[in-house]
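The values are calculated or read from the model by the stated rules, or taken from the named source; none is laboratory data. Please read these numbers as outputs of a predicted model, since none were measured by experiment. We place every Cβ from the backbone using ideal geometry, glycine too, and count neighbours over all the protein chains shown.
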Amino acid sequence: MTIKGEKRLSYAALVLPAVIIYLTVVAFPTVFSVLLSLTNYNGGRIFGNPNISFVGLKSYIWMFTEPSGNFYTSLANNLLIVCVSVFGQIPLGFMLAYILSRKLIKRGNSLFQTMIYLPNVISPIIIGVLFNAIIYGRNSVLMEIRRLFNPAAVFTINTNPMAPVLIVILWMFTGFYMIIFLANMQRIDPAVIEAARIDGAKEGRILLHIILPALSGVIVTSAILAISGSLKTFDLIYAMTSGGPAGQTRVLSLYMYLSAFQGAPNYPLANAISTVMVLISVVLIVITRWVGGIFAEKVD
Amino acid sequence: MDNRNISVVTKVVVYVVMIAFTVLTVYPIFWLVLQSFKTSQVYMTTNKLSFPVNWYVGNYKFVWNQVGFSNFFMNSVIYSVVTVAAVVALANMAGFAFAKLRFKITKLLHGLFIVGILLTLQSILIPLFLMVNAAGLYNTRLGVLIPYIGLGLPMGVYLCADFAKSIHDELLESARIDGARYLRTFVSIVFPMCAPVSVTLAIITFTGTWNEFILMNLMTAGDKYKAIPAAVGRFAGALGSDYGKLFTSLTVALIPILIFYALFRNQITKGVAAGAVKG
């Protein structure tokens, strides 16, 4: 066997198992989902099924124009989650990481870090069920606390049902951004900060002129992660509210899931929602590559 | 480092912030564990924030015996261990080939994997469900495992290829001169050298798989092949307002991952940072 032949064979042997599984499980279904969204397929056999026909953008038009506006409610909730990340988790995570990386406290750095990250390793289903019990119903902790102030308080359905969900999301994932910022702050050359200090720079100037600029790329990356994280949000809300009351806490992924797998299935609608999610992901990937190009030197 | 002048006020504020965050984060979980030692009746009739007076362990007996928790635990272990082993092996293989045995097609293939990192599982759930059904894998462990492995690969290939790039070419050259073939070089030199990235990848994949709910719940029917998160989801519905048992099943479901986190917390946070930064 020639060297070239051996190299080629080895390459195939090393790469093919991963490529075949990936194409089957991820790449093909992505394309398949988009194609299905253009048909009226709604369960049963796919191939050789005479009832399946190409309907073009009909499902999309219905999704965008149906009177309940479920799609827009769900999309708005996804945006709210992004806002919680961008205006809540990212600044808070940055602040915590800054405190930890600059060693503003002498003891317990590692303990604080471990504890604040803890909710991230727990199944969102567990968290969702837990907070459902804490927040909703007559026997909830929230009612207990309200009764402390007003013994006659009665349980009512919240007028702003997304608020508890957003608070739990803030609670759960702030530690994730803290870890990302912390890892990158620790990559800043300590000699640079030391030199600035010797030149008389105060803590505030070090933050503003060294740490923030060095992390600008990471902050943008975090915002992109926040959007993709919002698209991936499912389990927590599924377990906490199931999208209720009246679908007001649904996000796109939950709306898709409920359309396809609960009650009378509506696959065309669910596939249209999926395609919107794929499109958002593709846009994110393009932005990531573009941002990656701009900040390449800073991030590495 | 600590000859800086930080005012006392700043110090106090910083400590208060850190302690407040830590307490707020940990308290709900601590509260949950406490409530699992109350009967539902006690929970509903006494202060919800109080410690249990009589520590009641009957809930634990119920969850362990009636609920068949060991079955769900075993399924979680099987799904996680098999997925981790497969993803680590396949991603290392492909990562090495992409980084060191360059062919024209590498750019395309590698790019395809990278795109997968930001894709969301939910957007391909329906086709996956149809495919698993068509392949006759509905309600089997394989029907869950194959998608898990495929979904773990993008991050895996990315991390492994990135790491393999840092291996010096001279090392591989000298192995070749000694007569080792590429596959031999991979098995006895590259794979052992990639141990750090394999550990990172194993830990990310493990926590992700252990906590995964939507796919596993959709691809299986009945309890036989379901893992812990699905069990929790079901009891939440079935137990409803039987708070004592509900809180206990949540606590029991928490224990394995808490032990895992206690053992590997540093690797977990390191792995998350490595995976997220350039993702």
Problem - Test result for B:ALA202, hydrophobic (A, V, I, L, M, F, W, C), away from chain A (no Cβ under 11 Å) and surrounded by fewer than 24 Cβ atoms within 10 Å (Cβ to Cβ) - result: yes
Exercise for the section: Keeping to region A:100-132, report how many residues are closer than 28 Å to A:LEU212 by Cβ, within 25 Å of the chain's Cα centre (by Cα) and hydrophobic (A, V, I, L, M, F, W, C). Expected result: 5
Practice task
Can you work out which of the residues in region B:174-199 that are within 11 Å of chain A (Cβ to nearest Cβ) and of a type in the set (D, E, K, R) is nearest to B:ALA85 (Cα to Cα)?
Solution key: B:ARG184
Exercise for the section: Kindly check whether there is at least one residue in region B:218-233 that is part of a helix (DSSP H, G or I), of a type in the set (Lys, Arg) and crowded, with 16+ Cβ neighbours inside 10 Å. Expected result: no
Practice task
Provide a single number: the residues in region A:101-139 that are closer than 19 Å to A:ILE169 by Cα, at the interface with chain B (Cβ under 9 Å from one of its Cβ atoms) and not in a helix (DSSP H, G or I).
Solution key: 2
Completion exercise
The condition from (1) aliphatic (A, V, I, L, M); (2) in contact with a helix residue (DSSP H, G or I) (Cβ under 6 Å, 6 or more places away or on another chain); (3) more than 7 Å from chain B (Cβ to nearest Cβ) that A:ALA76 misses is numbered (2)
Exercise for the section: Kindly indicate whether any position in region B:139-158 is surrounded by 22 or more Cβ atoms within 10 Å (Cβ to Cβ), in contact with a Pro (Cβ under 8 Å, 6 or more places away or on another chain), within 10 Å of chain A (Cβ to nearest Cβ) and among the aliphatic types (A, V, I, L, M). Expected result: no
Exercise for the section: For B:LEU112, work out the one condition from (1) farther than 30 Å from A:ALA270 by Cβ; (2) at the interface with chain A (Cβ under 9 Å from one of its Cβ atoms) it doesn't fulfil. Expected result: (1)
Practice task
Would you be able to say whether some residue in region A:244-251 is touching a helix residue (DSSP H, G or I) at 6+ places or on another chain (Cβ under 6 Å), of a type in the set (S, T, N, Q) and not in a helix (DSSP H, G or I)?
Solution key: yes
Fill in the blank from the handout: In region B:165-199, anything surrounded by 14 or more Cβ atoms within 10 Å (Cβ to Cβ) and among the polar types (S, T, N, Q) is listed as B:THR185, B:SER198
Exercise for the section: Being in contact (Cβ under 8 Å) with a residue 12 or more places away in the chain and in contact with a helix residue (DSSP H, G or I) (Cβ under 6 Å, 6 or more places away or on another chain) is the filter; apply it to region A:255-266 and report the residue that is surrounded by the fewest Cβ atoms within 10 Å (Cβ to Cβ). Expected result: A:ASN266
Practice task
Scan region A:229-243 and give yes if some residue there is of a type in the set (Gly, Ala, Ser), surrounded by fewer than 22 Cβ atoms within 10 Å (Cβ to Cβ), out of contact with any Cys (no Cβ under 9 Å at 6 or more places or on another chain) and in a helix (DSSP H, G or I), otherwise no.
Solution key: yes
Exercise for the section: Select from region A:141-196 the residues that are among the aromatic types (Phe, Trp, Tyr) and assigned to a loop (DSSP other than H, G, I, E, B) and list them in ascending order. Expected result: A:PHE155
Practice task
Output the number of residues of region A:85-100 satisfying the condition of being in contact (Cβ under 8 Å) with a residue 60 or more places away in the chain, in contact with a helix residue (DSSP H, G or I) (Cβ under 6 Å, 6 or more places away or on another chain) and either at the interface with chain B (Cβ under 10 Å from one of its Cβ atoms) or of a type in the set (Ser, Thr, Tyr) (or both).
Solution key: 4
Handout entry: Single unsatisfied condition, A:GLY5 versus (1) assigned to a helix (DSSP H, G or I); (2) surrounded by 14 or more Cβ atoms within 10 Å (Cβ to Cβ)
Key = (2)
Practice task
Name every residue in region B:86-109 that is more than 24 Å from the chain's Cα centre (by Cα) and more than 13 Å from B:PHE163 (Cα to Cα), in order of residue number.
Solution key: B:LEU101, B:ARG102, B:PHE103, B:LYS104, B:ILE105, B:THR106, B:LYS107, B:LEU108, B:LEU109
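Yes/no per residue for (1) modelled with pLDDT under 95; (2) out of contact with any strand residue (DSSP E or B) (no Cβ under 9 Å at 6 or more places or on another chain); (3) closer than 15 Å to A:LEU130 by Cβ; (4) among the hydrophobic types (A, V, I, L, M, F, W, C):
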site: B:MET193; (1), (2), (3), (4): yes, yes, no, yes
site: B:VAL197; (1), (2), (3), (4): yes, yes, no, yes
site: B:LYS224; (1), (2), (3), (4): yes, yes, no, no
site: B:ILE228; (1), (2), (3), (4): yes, yes, yes, yes
site: B:SER241; (1), (2), (3), (4): yes, yes, yes, no
Problem - Odd one out for A:PHE32, checked against (1) modelled with pLDDT under 85; (2) closer than 30 Å to B:PHE113 by Cα - result: (1)
Problem - Sole exception among (1) loosely packed, with under 15 Cβ neighbours inside 10 Å; (2) in the same structural domain as B:TYR148 (by TED's automatic domain parsing) for B:TYR79, by number - result: (1)
Exercise for the section: Assess whether A:ILE105 counts as being closer than 26 Å to B:THR248 by Cα and surrounded by fewer than 20 Cβ atoms within 10 Å (Cβ to Cβ). Expected result: no
Exercise for the section: Please enumerate the residues belonging to region A:2-29 that are closer than 18 Å to B:VAL132 by Cα and either more than 9 Å from every other protein chain (Cβ to nearest Cβ) or at pLDDT below 90 (or both). Expected result: A:ILE20
Exercise for the section: Among the candidates A:ILE219, A:ILE273, single out the residue that is of a type outside the set (Phe, Trp, Tyr), under 14 Å from A:GLN89 (Cα atoms) and assigned to a helix (DSSP H, G or I). Expected result: A:ILE219
